[in-house]
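Read the structure below first, then the notes.
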4 protein chains.
Amino acid sequence: MASETSRIEAFSDGVFAIAITLLILEIKIPSVTQASLSTQLMQQWPSYFAFLLSFFFIGIMWINHHRLFTHIRRADNGLLFLNLLLLLGVSAVPFPTAVLAIHLHSAGARAAAALYNGTYVAIAIFFNLLWHYSLSRKLLDQSSMESAAAISRQYAIGPLAYAICLALVWVSVTASLALNVGLAVFFAIPAQRAAGGHRDGQ
Amino acid sequence: MASETSRIEAFSDGVFAIAITLLILEIKIPSVTQASLSTQLMQQWPSYFAFLLSFFFIGIMWINHHRLFTHIRRADNGLLFLNLLLLLGVSAVPFPTAVLAIHLHSAGARAAAALYNGTYVAIAIFFNLLWHYSLSRKLLDQSSMESAAAISRQYAIGPLAYAICLALVWVSVTASLALNVGLAVFFAIPAQRAAGGHRDGQ
Amino acid sequence: MASETSRIEAFSDGVFAIAITLLILEIKIPSVTQASLSTQLMQQWPSYFAFLLSFFFIGIMWINHHRLFTHIRRADNGLLFLNLLLLLGVSAVPFPTAVLAIHLHSAGARAAAALYNGTYVAIAIFFNLLWHYSLSRKLLDQSSMESAAAISRQYAIGPLAYAICLALVWVSVTASLALNVGLAVFFAIPAQRAAGGHRDGQ
Amino acid sequence: MASETSRIEAFSDGVFAIAITLLILEIKIPSVTQASLSTQLMQQWPSYFAFLLSFFFIGIMWINHHRLFTHIRRADNGLLFLNLLLLLGVSAVPFPTAVLAIHLHSAGARAAAALYNGTYVAIAIFFNLLWHYSLSRKLLDQSSMESAAAISRQYAIGPLAYAICLALVWVSVTASLALNVGLAVFFAIPAQRAAGGHRDGQ
């Protein structure tokens, strides 16, 4: 059964690694024109911002997925399906990222940021579904039960926090994206520490 | 010999993971125009539908491939070749998906849906070839013989079902795609349960 | 040291899996025009031919790479570098494939087929370099020495055969591509059998 | 804990393998025009040069990453984060490569080469951060301490050497790229040998 989750992890790692590496393809290569290349490159800053933000989001999601599967010992069909739903969210990230990069300057900034944050709301919900399913179906390692409560608390914040980011889009796109950066940092911290525990996580 | 099939699985997992993640690249990024971004994004619904359908198809094919290889214990050259044929079908999916996305609105909807379903007919046939070859060459784990009959029954339905989808295209493209969604659900159910068994599959 | 070659194999598998799956991206998605979609799809047959040929080439190269590494037990820096050279050839395949697909109809057919076959000459040379280096540095499993001679004989044919294909381009592009198909079949057969041995390879 | 670093390695291998294989997508497929295909293909030499240089850079970075992780035995959150920073650099390579390929001929050559070398300065710094963090947090295998000094010496050269390449861009783009080729060769040599040791590394 260990081999069961190990092949799920290998497939998931593949999807995370590909999605994170495809992000760079969405940055436009400036063509040879009258304008200087440096100027053209600098005018593309929204693309670099969107690339960096999404890179760290996917990276942090990978770290969290990885942490999750250190606790999960058995797999069943429900787990396979919910993991697939999570991977759907991850593999979709290059699309809202590219939309945000292109429209951050323009009238579509609000809609682009809403799409971007909407994607993260969905992913945060999928993470919670995967986690609570694993808990309720007792797919976890017995020794993980202590950390389980801390993970549950940290994950519960996700959908709400991204929903706030999403709502904030109608107030200020800049504030919403700033909160996005803050959330990336928050989810990079391991659950026990974030939840006030003192075990050196991982 | 276990390591023999494990490297085939690793390579196959790679192809499945890449094909499923490349799907997102086929969704067009709306450019900055007079039209509102939200309107442009909503008008692209056929792209999202095609993306979702193909994502779950590839995901379910991966789950089935994974189930298959939990039964296969030995590999020979025929198996390598038939597995390659199956991967050919999987890696081709982004093409009919993009064609369907772009032409679902237009006069080419019928041809696009036919191409889409034709791809799945081919993949279903390749799955059957791989399975029956493994059976006939006794590449299976002895203990799998019980589940083998159930898998054979479920797989036999595939080529016929997708051929019906394909034929249905000339009656109604919508009905054909609705049946596609239904089949995705059917093949997500493990063979024993689908065939009326009661062992909790996987 | 087993783990040494296993990480090389994992990285190589990744490159093979990605290169084989990227091929589909080179097939153009017909846009919505006056022309019927079926006609447009059928006019793209050179793309499908090039896709299929390259898919099987990369697939067969993966099978051969996989066979090679069942014999290789130790890795050194030379092996890492020669393997990288081979992966360079593999990862380049989507480019000559796309050039062939687009120019097979046109005045550039000869140059396109020459580029395509030139790539395979290079890859065949890299395979020989990798193999002879492993032999001369005694990186092989002792028990593999028997098969080694058969592999050496089969591999020696590669550069010469593809050089003939390449030369044939100036006589007839069609004949050259037909010979390509034949060679794909030849290299799909395991070395012992191709060389007249009778052990059931793999 | 061994399994801890093994999943990091698998994910990193994925990113390296995808980044190295995506490079080919940046080479433009010549379209059917009046100009002969051979001429068009030859005029694209800057693309081939940039492709080859970046291919070997990523390949050599993979070899070095692989060598690094043969020494690293334990993982913590800092290592995960610094490894992610390194992968950010690796996954970005296709962008400066494509910019260099397109602008090497034109007025933007200096800016393109600066961007290209700037990327390598950043990657060299990230490699040093990862290495010194692993040293200071005692994440290394005990038996690796002897090689550690040699690796430290070789890595320390990186940021400085690429900074020189970067500065050289304002003197001569050609000289800068020539030094790039030289550095690729230098980092391909294992640390002990490069640092004057005599153990046959790897």
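The values are calculated or read from the model by the stated rules, or taken from the named source; none is laboratory data. Remember, predicted model here, so these are calculated numbers, not experimental data. Positions of Cβ are backbone-derived with ideal geometry, glycine not excepted, and every protein chain shown enters the neighbour counts. These area figures cover heavy atoms from the full protein model, side chains too; ligands, DNA and RNA do not enter into them. Shrake-Rupley method; radii C 1.70, N 1.55, O 1.52, S 1.80 Å.
Within region D:130-156, which residues are part of a helix (DSSP H, G or I) and surrounded by fewer than 16 Cβ atoms within 10 Å (Cβ to Cβ)?
Within region D:130-156, D:His132, D:Ser136, D:Gln142, D:Ser143, D:Met145, D:Glu146, D:Ala149, D:Ser152, D:Arg153, D:Ala156 meet the criteria.
So which of A:Asn117, A:Asn83 is within 11 Å of chain B (Cβ to nearest Cβ), under 19 Å from the mean Cα position of the chain (by Cα) and within 30 Å of B:Lys28 (Cβ to Cβ)?
From the options A:Asn117, A:Asn83, the qualifying one is A:Asn83.
When the residues of region B:86-102 are narrowed to those that are facing another protein chain (nearest Cβ under 7 Å), free of Cβ contacts under 8 Å to residues at least 60 places away in the same chain and more than 21 Å from B:Ser6 (Cα to Cα), which ends up nearest to the chain's Cα centre (by Cα)?
Going through the qualifying residues, I end up with B:Ala92.
Just for region B:103-113: of the residues that are more than 8 Å from chain C (Cβ to nearest Cβ) and among the hydrophobic types (A, V, I, L, M, F, W, C), which one is surrounded by the most Cβ atoms within 10 Å (Cβ to Cβ)?
B:Ala113
Mind checking which residues of region B:16-39 are under 22 Å from A:His103 (Cα atoms), assigned to a helix (DSSP H, G or I), without any contact (Cβ under 8 Å) to a residue 60 or more places away in the chain and within 8 Å of chain A (Cβ to nearest Cβ)?
If the condition is that a residue be under 22 Å from A:His103 (Cα atoms), assigned to a helix (DSSP H, G or I), without any contact (Cβ under 8 Å) to a residue 60 or more places away in the chain and within 8 Å of chain A (Cβ to nearest Cβ), then B:Ile24, B:Leu37, B:Ser38 are the ones that fit.
Residues checked against (1) out of contact with any Leu (no Cβ under 6 Å at 6 or more places or on another chain); (2) farther than 11 Å from A:Ala113 by Cα; (3) within 14 Å of chain D (Cβ to nearest Cβ):
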position	(1), (2), (3)
A:Ala161	no, yes, no
A:Ala167	yes, no, no
A:Thr174	yes, no, no
A:Ala184	yes, yes, yes
A:Ala188	yes, yes, yes
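Any chance you could count how many residues in region C:157-178 are aromatic (Phe, Trp, Tyr) and buried (at least 16 other Cβ atoms within 10 Å of the Cβ)?
The total comes to 1.
Name the single residue, out of those in region B:40-74 being open to solvent by less than 10 Å² (accessible area, probe 1.4 Å) and facing another protein chain (nearest Cβ under 9 Å), that is farthest from A:Val99 (Cα to Cα).
This residue is B:Phe69.
Kindly indicate which of D:Leu100, D:Leu82 is more than 23 Å from C:Ser12 (Cα to Cα), of a type in the set (A, V, I, L, M), part of a helix (DSSP H, G or I) and open to solvent by less than 20 Å² (accessible area, probe 1.4 Å).
Criteria check complete, one pass: D:Leu100.
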